[in-house]
Amino acid sequence: MPIMVIAQIEDDETEETDTSSTGQTVFSAADEELLNLGMKDFDDRSRNYNGIRVSFYNVENLFDTEDDSTIMDEEFLPRGMKGWSYTRYKQKLSNIYKTMTAVGGWAGPPEIIGFCEIENRKVLYDLTTKTPFLKYDYKIVHEDSPDARGIDVGLIYRPSSFQYISHKALRLTFDFDTSAKTRDILYVCGKVNKKDTLHIFINHWPSRRGGQAASEPRRIAAAKLVRSKIDSIQQLSPDANIILMGDFNDHAEDKSLYQTLGAKHDKVNLSQKDLYNYMYDIGKNWKMGSHKYQGHWGTLDHVIVSASLTKKTSDKLVASETGAKIFAARFLLEQDKKYMGLQPYRTYAGPKFIGGFSDHLPVYIDLIYQEKK
């Protein structure tokens with residue numbers, strides 16, 4: 001029979017956990033089915049320089065402990081409501097490293113990782129230099145955005161596998177609300193293994209605060225901004241390799257993604273300049289998602305690629321046959337005591353620190369080179 005134990009949490013906080021007599025968390029048969037679905041087709045083998053793994057992770061409020069008078073970071077200060085401390089900050093960095101190492105498999109963490117909900121460049125510097133990430137020599141791409149809370153998007157990459165060329169922060173504004181400030185969209189261009197050029201967009205589109213319908217025009221504006229940049233790239237190079245990752249705060253069938261951005265759901269009938277959203281099929285499965293809200297799983301985090309990356313061509317960069325995946329490892333999940341089933345194991349439950357990872361699960365895809373036959 002499962003027993004209740006009290007797990008010691010930092011600063012003498014406690015959390016109740018269902019465990020077996022061996023000390024392992026007990027999952028129901030339905031939960032185990034979800035765990036198996038989340039790790040289906042996961043390939044942890046070395047990529048052997050034949051390609052790269054690209055991942056995105058909404059890390060849920062990665063703030064440092066220093067006060068920045070230009071943003072609203074008071075909640076995440078040592079004397080703030082969350083009681084944020086340097087010890088907790090270090091634990092958060094360690095949890096992100098642990099997650100990305102697991103996502104990467106035997107080849108090490110993904111060669112390219114996009115993030116959202118990061119406070120500034122410093123947190124990425126600390127992540128890449130004060131954790132075992134250090135040995136991989138990650139480089140940082142980041143620009144401060146005008147978001148009132150100070151949360152940004154950013155990217156880190158391993159220069160042995162991705163050779164940086166340029167980047168630009170795409171400023172998102174709204175004609176219908178000129179005073180509103182939100183996150184930039186980060187565009188990064190580079191070469192994969194000194195061969196093919198790859199165009200990357202890291203996104204954190206406006207939230208659904210106020211309701212999906214009321215907030216939708218803001219995400220449509222984001223989609224228009226990204227689509228405009230993609231059009232300019234494809235005008236010069238119709239077969240450009242393009243990948244979009246991020247927390248889009250919309251589902252694959254919503255207007256911003258499907259109509260405005262033009263992210264298709266059918267990979268078979270793509271035209272040259274089309275985009276394909278791998279997360280549509282995953283999003284149709286009610287048992288699985290990258291985020292859970294009020295008991296319902298949803299896929300707000302997407303991996304979208306240009307048609308060129310879906311075509312099997314020898315000696316050219318393409319998306320792997322397994323496509324994009326949500327990484328739902330056991331250690332990233334906990335029991336959902338209110339709505340049943342599982343949910344992402346987050347850092348805070350309201351104001352209470354529980355020491356988890358994030359309220360989102362990471363997503364990833366492999367871009368590989370097909371061997372010549």
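Taking the stretch 299-347 only, how many residues are under 19 Å from the mean Cα position of the chain (by Cα), polar (S, T, N, Q) and under 18 Å from LYS195 (Cα atoms)?
Going through the stretch 299-347 one residue at a time, the tally reaches 2.
Go through the residues of the stretch 238-255 one by one and say whether even a single one is out of contact with any Gly (no Cβ under 9 Å at 6 or more places or on another chain) and free of Cβ contacts under 8 Å to residues at least 24 places away in the same chain.
No, the stretch 238-255 contains no residue that is out of contact with any Gly (no Cβ under 9 Å at 6 or more places or on another chain) and free of Cβ contacts under 8 Å to residues at least 24 places away in the same chain.
Quick one: in the stretch 138-160, of everything that is aliphatic (A, V, I, L, M) and surrounded by fewer than 19 Cβ atoms within 10 Å (Cβ to Cβ), which residue is farthest from VAL188 (Cα to Cα)?
Result: ALA148.
In the set GLN212, GLN235, which member is at pLDDT 95 or above and either more than 27 Å from ASP73 (Cβ to Cβ) or touching a Gly at 6+ places or on another chain (Cβ under 7 Å) (or both)?
Exactly one of GLN212, GLN235 is at pLDDT 95 or above and either more than 27 Å from ASP73 (Cβ to Cβ) or touching a Gly at 6+ places or on another chain (Cβ under 7 Å) (or both), namely GLN235.
Can you tell me which residues in the stretch 232-264 are under 21 Å from the mean Cα position of the chain (by Cα) and β-branched (Val, Ile, Thr)?
Selection gives ILE242, ILE243.
Which fully enclosed strands (runs of 3 or more DSSP E) of the stretch 210-299 have 2 or more residues being over 24 Å from LEU170 (Cβ atoms)?
Those strands (runs of 3 or more DSSP E) span 291-293, 296-298.
Go through the stretch 68-118 and give me each residue that's crowded, with 20+ Cβ neighbours inside 10 Å, farther than 19 Å from LYS135 by Cα and of a type in the set (A, V, I, L, M).
Scanning the stretch 68-118 gives a single hit, ILE118.
Can you find a residue that is out of contact with any Pro (no Cβ under 7 Å at 6 or more places or on another chain) and closer than 22 Å to ILE243 by Cβ anywhere in the stretch 67-89?
Looking for residues that are out of contact with any Pro (no Cβ under 7 Å at 6 or more places or on another chain) and closer than 22 Å to ILE243 by Cβ, one finds none in the stretch 67-89, hence no.
If I ask for residues that are closer than 20 Å to PHE56 by Cβ and either buried (at least 20 other Cβ atoms within 10 Å of the Cβ) or hydroxyl-bearing (Ser, Thr, Tyr) (or both), which ones from the stretch 309-324 would you list?
Passing the criteria: LEU309, THR310, LEU317, VAL318, ALA319, SER320, THR322, ALA324.
The values are calculated or read from the model by the stated rules, or taken from the named source; none is laboratory data. In this text the structure is predicted, and so the values were computed from the model without any measurement. Reconstructed Cβ throughout: ideal geometry from the backbone, glycine too, with neighbour counts over all protein chains shown.
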